[in-house]
Structure formats: C-alpha cells, structure tokens
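As structure tokens, the structure follows; a few thoughts come after it.
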Amino acid sequence: MAITPTEYAQSATYKEILSQGEVWQSVLQELKQGAFSEQMPRSNNQKPAWLFVGCGTSFYLADAAAASWTLLTGEPARAVPGSEVLLYPALTRPEAANLHAVVISRSGRTSEAVRAARLLRKEMQLPTLGVTCAEESALEAECDSTLVLKTADEKSTVMTRSFTSMLISLQWMAAKRAANAEFCNSLEIMATQFAARMRSLIEQMEEFVGRNSFEDYVFLGQGPFHGIAREAALKVMEMSCSYSQSFHTLEFRHGPKAIVTPHTALMFFLSQSGLQAELEVLEEMKELGGVTIAVCNHANENIRRASDLVLELNLPGDELTVLASHIVPSQLMGFFTGVGKGLNPDQPKNLTRVVVLD
Ligand code: F1P
C-alpha cells in the first residue's frame with residue numbers, strides 16, 4: 001500500500017534530499033574558510049597520481065570525483081572499491097611513484113574503507129587523505145589528514161546529500177589545486193540557484209512515477225557522468241528494490257539494448273562534451289520502444305522529441321559545475337518508486353547504514 005505524501009514528507013530521506021542546495025552552500029563556505037588548505041597532502045615537484053577509494057555509494061562518488069579531478073587538474077586519477085585495495089593490492093598501485101590516496105566514507109566506519117586506508121598509508125606509504133561526514137571516525141585515525149563535512153551528514157541509510165556534498169567538495173579541492181578560482185565561484189553560484197529547481201523536479205518525477213511502472217531501470221552516462229549513472233542505478237535499487245543497471249551511454253548499443261521494451265526506463269545523463277553522440281543513442285532507444293528520460297542542464301528540440309520526460313536543470317556553469325546536481329532526479333525516482341510500493345524510505349530493505357565486518 002503506497003505511503004501517503006503526508007507520511008513520506010516526514011521521512012529523513014525526503015527532507016535530506018530537499019536540503020541539498022542549502023547544504024552545498026554551507027559546505028562551500030566551510031571550505032572557503034580554510035578547512036581545506038591544511039588537509040591537502042603536500043606533493044613534491046613530481047606530478048602526482050591519485051587513487052580514489054570508497055565502498056557502495058562512496059565508490060561511485062570516488063568514480064565521479066576521480067574523473068572530475070583529472071579534468072580539473074590534469075593529474076591522473078582513478079577509482080577503486082575498498083575491497084580491491086585489500087584483495088588485489090598489486091592492482092592498486094601499478095603507478096610507480098608519487099601516488100596519493102583519497103579514501104571516502106560518509107560514516108568513516110565502513111570496515112573495508114578503514115582497512116584500505118590503513119594498508120595504503122602504513123604498508124604502501126602513500127599520503128592518504130580521508131573525506132567523511134563523521135567526526136573523530138576510525139577512518140580519520142588511519143589517514144594523514146581528513147576533511148570532515150559535518151553539515152552534510154544525514155540520518156537516512158541511503159546516501160543523498162552526503163554524496164553530492166562530498167563530490168562538490170572534492171571538485172572544489174581539485175579546482176583550488178589548479179588555482180581555478182572561477183570554477184570554485186561557479187560551484188557557489190550553482191549551489192545558490194539549485195534550491196529553486198527542486199520543487200519542479202519533485203513535481204515532474206512524482207507525476208511521472210505515479211503513471212508509469214517499469215520492470216527494468218537503466219542509467220547511462222559518459223566521462224564524469226558514468227559515476228553519476230552508477231550511483232543512480234544504486235539509488236533506485238536501494239530505495240525501491242527494483243532491477244537497475246548502469247552503462248556508458250554508447251556501450252549500451254553493444255548488447256545491453258537487447259533488454260529494451262516499453263517496460264524499460266532509460267535515464268540519460270547528457271553531457272556537453274558528448275551530447276551529439278549520446279543524443280543518437282537516446283533517439284535509437286526511443287525507436288526501440290523504451291521509455292526515455294533525459295537529465296540535462298539545457299534541453300533542445302531533439303532532446304525533447306526523443307524523450308518521454310525531460311528534467312532540465314538550467315543551472316549556470318559548465319558540465320562539471322552541474323555534475324553533482326544531475327543525481328537528484330534519480331534520488332527522487334528511487335524515492336517515489338519505493339513509496340509507491342509502500343516501502344519505508346528510511347528503512348530500506350536488507351540495508352544497514354554502515355557495513356562493519358568482524
Ligand atoms: C557506504 C555504504 C553506503 C550504502 C549503505 C552502506 O557507506 O555502502 O553507500 O548506501 O548505507 O554503506 P560509507 O562508507 O560511505 O559510510
């Protein structure tokens with residue numbers, strides 16, 4: 001039996017999704033007030049390479065952060081899950097020299113993340129930065145320095161504003177490292193304007209989910225948007241117990257499109273860099289009979305023609321500035337699909353807020 005709007009509006013998850021614009025603004029203020037500079041590991045004059053580590057949502061955050069880091073600094077960066085650092089350490093550091101590690105964990109207590117930080121810092125002797133929303137965490141004890149974003153912490157089990165706030169903070173740190181003050185400013189302007197978009201995103205997604213039911217959910221993105229697509233797939237799985245997958249947009253043609261039916265929802269995170277090529281996949285999946293949802297910053301006639309739903313963010317800034325905001329429509333899709341099934345958003349099935357191993 002579906003949960004009523006009065007009931008779901010009281011949930012911590014709903015309130016935390018709605019709070020994102022304001023929380024981004026306070027997190028960016030904290031960073032400007034210098035929480036950043038002491039935290040950044042010093043690098044010698046050799047160009048560093050970066051290894052971003054996390055588990056679950058924090059791994060997909062690491063993915064989007066690593067792509068943003070390279071695009072903003074020109075320094076090589078990649079993301080691996082905590083478990084890979086522990087089980088395949090040799091794969092973790094093919095880079096010869098000057099590797100820096102960034103370990104991300106909302107709770108700072110996830111065993112795989114804490115143990116990975118310890119291995120990277122103690123055994124591999126890598127300068128290790130922690131990023132978390134919890135104070136005095138086990139992760140902080142294992143890192144050389146830790147950025148703690150208390151304002152972004154949340155009660156809900158699934159990560160929403162912690163994901164976007166930690167991603168925006170890492171983008172800000174990368175831009176600061178590259179002396180790109182213009183990008184840091186564009187994040188602030190984007191954050192101040194985002195809150196005003198939330199109402200229309202909620203109304204559009206609630207109405208769309210209310211009149212559609214799907215068997216399959218597919219999320220597609222390229223470059224930094226691939227990490228967003230992976231997190232979107234996880235959000236819909238966690239919040240609505242639905243079957244959901246993610247792919248690089250153009251990879252979807254190479255086989256996975258076999259699953260497309262009128263009961264398949266395909267959400268496209270459209271970039272600026274790859275728009276023309278991504279649009280051709282959008283049009284093709286529409287022709288195959290899939291239900292297409294376009295998440296973009298600025299829509300055009302071709303996008304509108306090929307989409308059953310267009311979620312236009314209309315925010316100032318380039319594709320990296322608006323990257324984090326692109327995840328919000330899928331948070332709402334997972335939320336409304338779950339409450340539509342009568343699932344309590346604050347108690348997702350089978351999940352705990354932190355995965356602690358013995
Ligand atoms: C990571 C995480 C969450 C997931 C669930 C369990 O937590 O995997 O992504 O939604 O809550 O924990 P953390 O290491 O970022 O605290």
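Values computed for the structure shown
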| item | result |
| --- | --- |
| Calculated P(r) tail over 33 Å for the chain, as whole % of Cα pairs | 25 percent |
| Calculated from backbone phi, Karplus (6.51, -1.76, 1.60) coupling profile of the stretch 4-12 in Hz, x at Gly/Pro | 6, x, 4, 5, 5, 5, 7, 6, 4 |
| Neighbourhood net charge (13 Å Cβ-Cβ; Lys/Arg +1, Asp/Glu -1) for Arg118 | -2 |
| The stretch 252-358: radius of gyration and largest Cα-Cα distance (Dmax), Å | 16.4, 55 |
| Angle between the chain longest axis and helix 57-73 axis [Cα atoms, degrees, rounded to 10] | 70 degrees |
| Cα gyration tensor shape for the stretch 191-294, rounded if a/c is under 1.5, else prolate or oblate | oblate |
| Relative contact order %, the chain, counting alpha carbon pairs below 8 Å whose residues are six or more apart | 20 percent |
| Modelled FRET efficiency - R0 41 Å, Glu203 with Val354, Cβ distances, 0.05 increments | 0.75 |
| Burial ranking of peptide ranges 228-238, 179-189 (average Cβ count within 10 Å, highest at the top) | 228-238, 179-189 |
| Relative counts (whole %) of C-alpha pair distances in the stretch 172-241, using bins that are 10 Å wide | 15, 28, 37, 16, 3 |
| Local electrostatic count at Ala294 - Lys and Arg +1, Asp and Glu -1, tallied over other residues with Cβ under 14 Å | -4 |
| For the stretch 64-190, alpha-carbon Rg relative to the globular expectation (2.2 N^0.38 Å, N residues) | 1.05 |
| Burial order of peptide ranges 210-221, 167-178 (average beta-carbon count within 10 Å, highest first) | 167-178, 210-221 |
| Helix 20-30 vs. the chain, principal-axis angle (Cα, 0 to 90°, nearest 10) | 20 degrees |
| Efficiency of FRET between Ser145 and Cys241 - r from beta-carbon atoms, R0 35 angstrom, step 0.05 | 0.35 |
| Cβ-defined net charge surrounding Met190, 14 Å radius [Lys, Arg +1; Asp, Glu -1] | -4 |
| Computed helical MRE - 222 nm, the chain, DSSP H runs ≥ 4 contributing -39500 (n - 2.57), nearest 500 | -13500 deg cm²/dmol |
| Rounded to 10°, Cα long-axis angle of helix 181-210 versus longest principal axis of the chain | 30 degrees |
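Taken together, the values in this text are just the output of simple stated rules run on the coordinates, not laboratory data. Given the structure is predicted, the values throughout are model-derived calculations rather than measurements. Quick reminder, even Gly has a Cβ in these numbers, built from the backbone with ideal geometry, and neighbours come from all protein chains shown.
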